[in-house]
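Presented below is the structure to which this report refers.
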């Protein structure tokens, strides 16, 4: 892991207009010129061979649709798209699809963009899991092509990944769009995240600041369409999913009162005495200073299996679910049991949540210093 001084050097020069940047270590294009890469994975492989602790390896991605599944496994990498709307990474994968051995890939295996390293910056692009949930659900239930397991993760921040910055990106999916795993920490700004069922979930720390969360329409249900968050935060962890200064909007066909702010996820876990819902996953979700639309009805419960395999329910009142200073319909109808005070809200400032991160990481626009190669 690089020292703090080195990390400070990673994020200094403003790149709100990346096309004007001075230089890049690698350039990706669907029609590559000499010296450019045709695939993002090839550029990342090049980075893996050249990474050093004196600089962040910058990869500029020209506009186009890149049909690739990405896994970043080395630290100190930045992916910089030419534009948020026209630089697109997409791949279709869902939990019910089969791997090369004929087994279902599962929720984690459905992720099409995986961060498994620290000091990673992603900016000015779109990442889309293009599994067509609506088309799948329109198939008859006896159609062999219809998947039952429809989780389709767009971005997965893997265990222990730290200093992860997303800025000016779009994450598009339906069920389980953004998965932040245990002991990971990530910060999202000026971005758009869309989905319906549990579309921001997991046990890691993720702060979503000045973003738009779009609740997507469904045509296979009549009442509850989905849940913005599903945290599984360990009780020993003071922070989890924090949505602040953002806008909770919806697609045009989403009725009022069809989405919950969140529900408590207790993942089925193997313990010495059996396999059952993790009792220590007391989820943390905070909504602070947001503009909340009429599609939100409050919080909800979630089920799991006990040690005997029976269904048990986990309720929002027993979770760490909080609200403060939100506007819109939900802001007017908030229940006091979830409301926190100004003094409590002050605890959840960026500099407290990421108290050992360099202050440059807290800026709303990602900054990157390009350090001349000293080799």
So residue 297 clears everything in (1) over 30 Å from residue 351 (Cα atoms); (2) in a strand (DSSP E or B); (3) at pLDDT 95 or above except one condition, right? Which one? (3)
Among the candidates 142, 176, 162, residue that is at pLDDT 95 or above and either crowded, with 24+ Cβ neighbours inside 10 Å or touching a helix residue (DSSP H, G or I) at 6+ places or on another chain (Cβ under 8 Å) (or both): 176
Taking the range 253-294 and keeping only residues that are assigned to a strand (DSSP E or B) and surrounded by 19 or more Cβ atoms within 10 Å (Cβ to Cβ), one is left with 259, 260, 261, 262, 276, 277, 284, 285, 286, 287, 288, 292
Filtering the range 106-126 down to residues that are closer than 26 Å to residue 147 by Cβ and surrounded by 24 or more Cβ atoms within 10 Å (Cβ to Cβ), which residue is farthest from the chain's Cα centre (by Cα)? 110
Under 8 Å by Cβ, and 6 or more places apart or on different chains, what pairs join a residue from the range 38-55 that is more than 20 Å from residue 81 (Cα to Cα) with one that is assigned to a helix (DSSP H, G or I) and modelled with pLDDT under 95? 53/6; 54/6; 54/9
Could you count how many residues in the range 298-311 are out of contact with any helix residue (DSSP H, G or I) (no Cβ under 8 Å at 6 or more places or on another chain) and either surrounded by 14 or more Cβ atoms within 10 Å (Cβ to Cβ) or within 22 Å of residue 321 (Cα to Cα) (or both)? 4
Among the residues of the range 86-97 satisfying the criterion of being within 18 Å of the chain's Cα centre (by Cα) and in a loop (DSSP other than H, G, I, E, B), which is surrounded by the fewest Cβ atoms within 10 Å (Cβ to Cβ)? 92
Quick one: which of 137, 151 is in contact (Cβ under 8 Å) with a residue 12 or more places away in the chain and not in a loop (DSSP other than H, G, I, E, B)? 137
From the option list 162, 253, 198, single residue qualifying as out of contact with any strand residue (DSSP E or B) (no Cβ under 6 Å at 6 or more places or on another chain) and in contact (Cβ under 8 Å) with a residue 12 or more places away in the chain is 253
May I ask you to verify whether residue 23 is modelled with pLDDT of 95 or more, farther than 18 Å from residue 122 by Cβ and exposed (fewer than 14 other Cβ atoms within 10 Å of the Cβ)? no
Residues of the range 179-206 satisfying the condition of being closer than 15 Å to residue 261 by Cα and part of a strand (DSSP E or B): 193, 194, 195, 200, 201, 202
Among (1) more than 27 Å from residue 98 (Cα to Cα); (2) in contact with a strand residue (DSSP E or B) (Cβ under 7 Å, 6 or more places away or on another chain), where does residue 183 come up short? (2)
Condition check: modelled with pLDDT under 95 and part of a loop (DSSP other than H, G, I, E, B). Does residue 75 satisfy that? yes
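Conditions (1) more than 13 Å from the chain's Cα centre (by Cα); (2) in a loop (DSSP other than H, G, I, E, B); (3) more than 21 Å from residue 88 (Cα to Cα), marked per residue:
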residue: 171; (1), (2), (3): no, no, no
residue: 176; (1), (2), (3): no, yes, no
residue: 221; (1), (2), (3): yes, yes, yes
residue: 229; (1), (2), (3): no, no, yes
residue: 237; (1), (2), (3): yes, yes, yes
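The values are calculated or read from the model by the stated rules, or taken from the named source; none is laboratory data. This structure is a prediction, so every number in the text was calculated from the model and none was measured. Virtual Cβ from ideal backbone geometry, glycine too; neighbours counted across all protein chains shown.
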